[in-house]
Amino acid sequence: MQGLLTKYFVLNPLKQDIYGKASRKAILVYADVIAKENKKLAEDLRDWVGVIRKERMAEVPVKDDADAVEVTVFDSLKRVAEGRYAGGRKEFGITVLDEDPRDFITESIEEVIDLAWYVAARLEQLKRAEK
């Protein structure tokens, strides 16, 4: 442990192994912690990790058209999820599961109800547009 008692701890977020993944996660947590003190640095760190992740996704080989569609859909879902995640982070901060007072089952059910409502409303719009 003596070797760990240094002023800095080096991370390597560019690696493609479990240590690189852990480094990217650590950088995101660090960004969350410093965000109130240094918003610009926190945003830059999040953007950097986002670029690294995007580059890693670009390296995934696409075998055929079905894979291309799957990757495109995945990228679209990923962008939406990242946006929702970023919004949640801004509103709620980091989620510490052992300390979070929210009832995740209830929250999930409410989200599903919202989803059903939005889908039904869009279907109604499409029906009216056909008339």
### Query
Hey, among Glu130, Glu99, which residue is closer than 21 Å to Lys36 by Cβ, surrounded by fewer than 10 Cβ atoms within 10 Å (Cβ to Cβ) and more than 14 Å from the chain's Cα centre (by Cα)?
Glu99
### Message
For the list (1) under 20 Å from Pro13 (Cβ atoms); (2) modelled with pLDDT under 80, I need the number of the one condition that Thr72 fails.
### Response
(1)
### Task
Report, by residue number, each residue of region 102-127 that is closer than 30 Å to Tyr30 by Cα, hydrophobic (A, V, I, L, M, F, W, C) and surrounded by 10 or more Cβ atoms within 10 Å (Cβ to Cβ).
Phe104
### Query
Is there a residue being in a helix (DSSP H, G or I) and at pLDDT below 85 anywhere in region 42-50?
no
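The values are calculated or read from the model by the stated rules, or taken from the named source; none is laboratory data. Keep in mind the model is a prediction, meaning the values are calculated, not measured. Note that each Cβ is placed from the backbone with ideal geometry, even for glycine, and that neighbours are counted across all protein chains shown.
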